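Report on one structure; see the data block that follows.
The values are calculated or read from the model by the stated rules, or taken from the named source; none is laboratory data. Everything quoted here is computed from the prediction, not taken from an experiment. Positions of Cβ are generated from backbone atoms using ideal geometry, with glycine treated the same way; all protein chains shown enter the neighbour counts.
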Amino acid sequence: MRRPALPAIHVGRAALLCLALVSAACTPAATAPGSGSPTPSPGQRPSSPAVVIIVEPTTNQVITGTSAHLVLSLQNATIVPQTSTNLRPDEGHIHLYVDNVVVSMNYQLEQDLPVHPGTYVLKAEFVAADHAPFNPRVFSPEVVFVVH
């Protein structure tokens, strides 16, 4: 049985700008406007000591209703509210993936996610302050949960 698609999640202008920055940062040998110097390619990204874990929901948890309450744990790093190209390995943002699609860019460790009946694969990624990934990438272990 095919699960209905997730409802569209509103992405504001700031989030669209961040997606554009991520896209530009992940393009090899991109040149920053007016700088004449290349933007680092993904292979030149800094590493991070961060550890991100999904606390809720738990693996195989069954949820009823129209939203899933998500709780994350972040160790060895902090979330910063601003987007910046001044990268530190212990500062960044959280990107949330449902079924390998980014559905949220978070500046906090809790949120409610709209859901429909079905099975979901959830993972979180700690990314640098420019919204591009660290190298190696910092993903949580995947959590599979079911909505009735």
If you take the residues in segment 33-60 that are farther than 20 Å from HIS95 by Cα and surrounded by 15 or more Cβ atoms within 10 Å (Cβ to Cβ), which one is modelled with the lowest pLDDT? THR39
I need the full set of residues from segment 94-112 which are touching a residue at least 60 places away in the same chain (Cβ under 8 Å) and under 15 Å from VAL71 (Cβ atoms), in order please. SER104
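Being outside any strand (DSSP E or B) and within 16 Å of PRO49 (Cα to Cα) narrows it down to one of PRO141, PRO136, so name that one. Walk me through it before giving the result.
Values: PRO136 fails: outside any strand (DSSP E or B).
Sole residue among the options that is outside any strand (DSSP E or B) and within 16 Å of PRO49 (Cα to Cα): PRO141.
Just the residues that are assigned to a strand (DSSP E or B) and surrounded by 13 or more Cβ atoms within 10 Å (Cβ to Cβ), please, taken from segment 61-70.
ILE63, ALA68, LEU70
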Given the residues LEU16, LEU6, LEU74, which is the only one that is surrounded by 16 or more Cβ atoms within 10 Å (Cβ to Cβ), at pLDDT below 50 and not hydroxyl-bearing (Ser, Thr, Tyr)? LEU6
Which residues, taken from segment 87-130, are of a type outside the set (A, V, I, L, M), surrounded by 15 or more Cβ atoms within 10 Å (Cβ to Cβ) and part of a loop (DSSP other than H, G, I, E, B)? PRO89, ASP130
Restricted to segment 95-136 and to residues being among the aliphatic types (A, V, I, L, M) and in contact with a Gly (Cβ under 7 Å, 6 or more places away or on another chain), the residue nearest to HIS148 (Cα to Cα) is VAL127
Of PRO133, PRO89, which residue is touching a strand residue (DSSP E or B) at 6+ places or on another chain (Cβ under 6 Å) and at pLDDT 95 or above? PRO133
Residue among SER84, SER48 that alone is assigned to a loop (DSSP other than H, G, I, E, B) and within 17 Å of PHE139 (Cβ to Cβ): SER48
